[in-house]
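Here is the structure we will look at, set down as structure tokens.
Coordinate-derived values only; no laboratory data. Model, not experiment: these values are computed from the prediction. Every residue, glycine as well, gets a Cβ built from its backbone with ideal geometry; the counts of neighbours run over all protein chains shown.
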Amino acid sequence: MSGRWVGSRYCASDQGASDHGAPVQHVLSGAIVGLALLALPCAPNHAESRVPELTGRALSSTPDARHGEVLYQKFCAGCHRKNGRGSDESAVPALAGQHPSYLIKQMAAFIEFEREDSGLHRVLAQAELSRPQSLSDLGAYLGSLPVNRESNIAHGSSDAKAIAEGERLYADNCSVCHLPTAEGDAEHFLPKLRGQNYSYVLMQLRRLAHGHRFDTSDALLAVFDAMTSAEMEAVANYLSRLPPAPTHTAAR
């Protein structure tokens, strides 16, 4: 993996063969993370984890979305774009309209190295960003942004049969937790997957299948491990082409 600093942002790229054979270019975000779903974690000492405490303090703070915008434009927009929609071509996740609670927990995990990414850790661990108030502000700002209503799809297929197959696979394997609408669950820190960038979803499905998330249950690992590369592509294709929900409401 190689990367570069752009001002106060770090963008790392990983070009190579994916776990299931297809080459995937990966540009890791400079400020956050997201779904998401979502990077290679290490195995921390859970007994000493500060993530729940940091997440709880951030969620109990009164968010200042205006300050969150300042932080986002300074530290995050270089990779996630000014509108928060990321990049399908570079496998950078869309953050706009995501649940603030989910984003806050993921940022806390990157800060504490419970999701391993040295570039994101170096950005988020800075004093200006690692405070609970800053996490709260960033989450509020990103949650308030409108989700993508324009095509941001560089990969996948618009074929109706392919989309229908992805819908079937999502319903069978993912909808219980992420809901049939793919809107996730803010209370339980489950991200919205609806309209997420294809390349990013596919990359995370492949990583989950190979146990690259320490907090994934054995049952869930078994589900992903049983999926073929074609099935993962179908799910990513379906999710990336879902239009925004009729009414966007940012939830904490």
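Please rank D225, D218, D117, D137, fewest neighbouring Cβ atoms within 10 Å first, as an exposure proxy. List each step's numbers first, then the result.
Numbers: D225 12, D218 8, D117 23, D137 27.
Sorted ascending by nearby Cβ count, the order is D218, D225, D117, D137.
The 3J(HN,Hα) values that the Karplus relation (6.51, -1.76, 1.60; θ = phi - 60°) gives for the stretch 234-242 are, in residue order, 5, 5, 4, 5, 4, 5, 5, 9, 6 Hz. Gly and Pro appear as x.
Contour minus end-to-end for K82 and R168, with contour as 0.36 nm per residue of separation and end-to-end as the Cα-Cα distance?
Details: separation 86, 0.36 × 86 = 30.96 nm, distance 3.38 nm.
Length gained, K82 through R168: 27.6 nm.
What ranking do K74, K192, K161 get, fewest neighbouring Cβ atoms within 10 angstrom at the top? Before the final figure, lay out each step's value.
Numbers: K74 16, K192 29, K161 9.
Listing K74, K192, K161 from fewest to most nearby Cβ atoms yields K161, K74, K192.
Modelled this way, with points 7 Å down the Cα-to-C-beta line, the labels at R131 and S158 are 4.8 nm from one another. Across the stretch 128-138, rounded Karplus estimates of 3J(HN,Hα) from the backbone phi angles (6.51 cos²θ - 1.76 cosθ + 1.60, θ = phi - 60°) give 5, 10, 7, 6, x, 4, 5, 5, 4, 5, 5 Hz, Gly and Pro being marked x.
Find the all-direction average of the projected area of the Cα convex hull for the stretch 104-197, expressing the result in square nanometres with one decimal place. Each step should come with its number before you reach the end.
Numbers: hull surface 31.1 nm².
Averaging across all directions leaves 7.8 nm² for the Cα convex hull.
Quick one: length gained pulling A222 to S175 fully straight, 0.36 nm per residue minus the C-alpha distance?
Gain on extension, A222 to S175, equals 15.3 nm.
Please report the base-10 log of the normalised intensity I(q)/I(0) for the stretch 160-240, using a Debye sum with one equal scatterer per alpha carbon and no solvent, at each q in 0.12, 0.16, 0.21 (1/Å). Summing over Cα pairs of the stretch 160-240 leads to -0.30, -0.55, -0.99. Cβ crowding within 10 Å, taken as a proxy for footprinting-reagent exposure, orders F113, F224 from fewest neighbours to most as F113, F224. Residues whose amide H lies under 5 Å from that of D185, counting only those 5 or more places away or on a different chain, are L190; hydrogens are built 1.01 Å from N in the peptide plane.
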